[in-house]
Each structure stands twice: as structure tokens, then as C-alpha cells.
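Engineer: Sharing a structure here in C-alpha cells format.
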Amino acid sequence: MTTLVFGHKSPDTDSTGSPIIWAWYLNEIKGTEAEAVLLGEPNTEAAFVLKKWDLPKPRIISTVDADQPVVIVDTNNPAELPDAINAADITAIIDHHKLVGGLETKGPIDIRIEPLACTATIMWKMIGKDMAQAPTSVKGAMLSCILSDTLEFRSPTTTQEDKAIAFDLARDLGIDIPTYASEMFEAKSDVSAFSDAELLRMDSKEYEVDGTQFRVSVLETTSPKLVLDRKDSLMASMVDVAKEDGADQVLLFVVDILNEEATMLIPNDMTKTVAEKSFGATVSGDTVVLPGVMSRKKQIIPNLKV
């Protein structure tokens, strides 16, 4: 049976590119029949990367069959995976997030979780010398994942390993990193075609703090004004999205990639309290700027307090 390789729901560049990378490795190097799939439409940056490197968009699935062999990448959180995930045959997990718990396997599996900025960085290390056989498209996907997850090395999650591997891939591909990263971020910043609800779910994770359920949404952009001009309608939609998704509150952070800061929307007293307790911020209006905040994984979620 073909092994399905996928990342989290609301796939970003890493959750789009890493399944493609690992499916190539399983098929071409390990001799295991595998298919990269997605758990939703890729975001605008990921769609740009697929087109840039002439990669077909993986098919989108919403569930997995019982005993279906799967490899999970870029997450280990059941909330970000199909509801039936524990009925599948999970054969491996490759991730760079904290261990959440809740996944069940049918036997011993391969698990590789490292404190790096990007899943693709881990894959580069795992594939090793066999990377020499990787086609340009796979190497391009790998470079794109690293540049996306590190925000071109601006994110505090960036490690020297991420940087060194990105520079190695860029040299191999003949890619100028600043130019290419700028093209990627420009694609990510074009959110005009998306509804408010789609924006709030596009890059979001479910997280609980002391019994309060949050959907923590991040929009990384080089043009924060395009998002913040919509703040009134976004704040209204935060109520609806929270209700529809079974959350108590949506938290939205608009990350300004170039100025290395985040603007948090403050629609009510709960979000005001979260901002003040979590980030030591002084809130006087319906937004608050958080200097230096770039990473949901390292700076937002670990600090959340209610």
C-alpha cells in the first residue's frame, strides 16, 4: 500500500514542501511507494514555490483510512491532523515542534524531532549523501521551506544548521537568497483574494492555556498595512471563526517581516488581558505592537497567559 506523507492542516511552505521531499526520498532512494498529499489548500507562498520549481500540487485529502501507512511531517499534534489519524498506520514522524502527545501507533516507529527552524533542515540531514541524487525541484523545495520558516534567518528559531544548509542549497541551485526570499515573501503578502475567515485560518494553530481554547493565527507579511487596513472586519470575523471552530478566542498576530515586529489585534478585554500578561504590553487601543516578536513557536505560544 502506498505510504501517504503529509504535514499539518492549513499547509504553509514547510508543510507543502517537506511531504514532497520525503515522498521523493522514499520512492527514489528507499524503494518505498509513497505519495505527498496535503490537508488543505497551500497558502499563497507555498503555491508560488510549487510554480517556481515546477512541482505539481499534491492532492488534498481530508481523512485517512484505517491501517493506511502514513508519515507525518512538520507536526505531531493530533489537532492539526485528520480526525482518524490514530486508526492509520503511522510509520514515522519528522518534526521540529514540541512533543504534544495524543498520537497512537500500531508498533515501533521512526521519530526524528530536532530543535531546528524547519522540517526540511532535518530531512537534509537524514537524506545525507543521497541529496546528490535529488532533482533541482526537490532541492528548490527544501531551500524554500528553510527560507520560509526562518523568515530569511530573521526568526529567533533560526539555527546555524538551518543557515548553513540553506546557503549550501542556494549555491548548488545558483539562487541569490535575498532576491528569492523577497519573491517568496511578496507572494505570501498578497492576501487580497482571501476572506477574513480564510486569513484567520490560513496559518493558525489550536492551543489551550489554563482551560481557555485559542486559535493562534499568524500572518507573516512585508506589507502589514494591507492586512491592518482590514482590521475592523477581521476583528468581527474573529468572533465567528472562534464560534465555528470551538475556540474561546482567536488571537491574530500580523508579523512585519522587514521591521521584525508583530501587531496584535485587540478586539476585546480577553485579548487585552492576554497581550498585557503574556508580552508585558501596554494596550490603549484595538492594536498593540510587539517589537521583536516574529515566531509563534518560540515567542508567542510559550508566553501565552490568561
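Read-outs: derived from the displayed coordinates by stated rules, not from any lab. Bear in mind that the values here come from a model prediction, so they are computed numbers and not experimental data. Positions of Cβ are generated from backbone atoms using ideal geometry, with glycine treated the same way; all protein chains shown enter the neighbour counts.
Engineer: For the stretch 196-303, what is the percent of antiparallel DSSP beta bridges, rounded to the nearest 5?
Structural biologist: Antiparallel bridges make up about 65 percent of those DSSP assigns within the stretch 196-303.
Engineer: Oh, and also: Of the candidates ASP14, ASP229, ASP162, which one comes out as most mobile in a Gaussian network treatment of the chain with C-alpha springs shorter than 10 Å?
Structural biologist: The residue that fluctuates most here is ASP229.
Engineer: For the chain, with a Gaussian network of springs between Cα atoms less than 10 Å apart, report the residue from VAL73, VAL209, VAL288 with the top mean-square fluctuation.
Structural biologist: Its mean-square fluctuation being the largest, the pick is VAL209.
Engineer: Something else now. Rounding to the nearest 10 and keeping the result within 0 to 90°, find how far the Cα-based axis of helix 13-24 lies from the longest principal axis of the chain.
Structural biologist: Between helix and principal axis, roughly 10 degrees.
Engineer: Another question about this same structure. Would you work out if the stretch 159-306 is rounded, prolate or oblate? Take a ≥ b ≥ c from the square roots of the eigenvalues of the alpha-carbon gyration tensor; rounded if a/c is under 1.5, else prolate when a/b is larger than b/c, oblate otherwise.
Structural biologist: In terms of gyration-tensor shape, prolate.
Engineer: Tell me, what is the percent relative contact order of the chain, built from C-alpha pairs under 8 Å that lie six or more residues apart?
Structural biologist: It comes to 13 percent, rounded to a whole number.
Engineer: What net charge do the residues around LEU151 carry, taking every other residue with its C-beta under 9 Å from that of LEU151, with Lys and Arg at +1 and Asp and Glu at -1?
Structural biologist: -3
Engineer: List the GluC sites (Glu not before Pro) in the stretch 169-259 that DSSP assigns to loop (not H, G, I, E or B) and whose Cβ has at most 10 other Cβ atoms within 10 Å. Which are they?
Structural biologist: none
Engineer: Per-residue HN-Hα couplings for the stretch 290-298, Karplus 6.51 cos²θ - 1.76 cosθ + 1.60 at θ = phi - 60°, whole Hz, x for Gly and Pro?
Structural biologist: Per-residue couplings from phi come out as 10, x, x, 7, 10, 10, 5, 5, 9 Hz.
Engineer: So in the chain, what percent of DSSP beta bridges are antiparallel if you round to the nearest 5?
Structural biologist: Taking every DSSP beta bridge within the chain, about 40 percent pair in antiparallel fashion.
Engineer: Taking the chain as a Gaussian network, where each spring joins two C-alpha atoms under 10 Å apart, which residue of ALA166, ALA193, ALA34 fluctuates the most?
Structural biologist: ALA193
Engineer: Find how many whole Å separate the alpha carbon centroid of the stretch 228-257 from the alpha carbon centroid of the stretch 51-89.
Structural biologist: Answer, in whole Å: 26.
Engineer: If amide H atoms are built 1.01 Å from N in the plane of the peptide, which residues on other chains or at least 5 residues away come under 5 Å of the amide H of ALA36?
Structural biologist: VAL5
Engineer: Let's test the formula: R0 of 35 Å, r as the Cβ-Cβ distance of ASP176 and LYS98. What FRET efficiency results, to the nearest 0.05?
Structural biologist: For R0 = 35 Å, the calculated efficiency reads 0.55.
Engineer: May I ask you to evaluate 6.51 cos²θ - 1.76 cosθ + 1.60, the Karplus curve with θ = phi - 60°, for each residue of the stretch 265-278 and list the ³J(HN,Hα) values in order in whole Hz, giving x for glycine and proline?
Structural biologist: Couplings: 7, 10, x, 7, 5, 4, 5, 4, 4, 4, 4, 6, 6, 7 Hz.
Engineer: Enter the Cα centre distance for the pair the stretch 111-188 and the stretch 1-34, rounded to the nearest angstrom.
Structural biologist: 16
Engineer: Let me ask something else about it. Taking the Cβ of VAL64 as the centre, find all other residues whose Cβ is under 11 Å away and add up their charges (Lys, Arg: +1; Asp, Glu: -1).
Structural biologist: -4
Engineer: So what's the angle, to the nearest 10 degrees on a 0 to 90 scale, between helix 160-173 and the longest Cα principal axis of the chain?
Structural biologist: 60
Engineer: How far apart, in nm, are the 7 Å Cα→Cβ label points at GLU183 and LYS225?
Structural biologist: Reported label-point gap for GLU183 and LYS225 is 2.6 nm.
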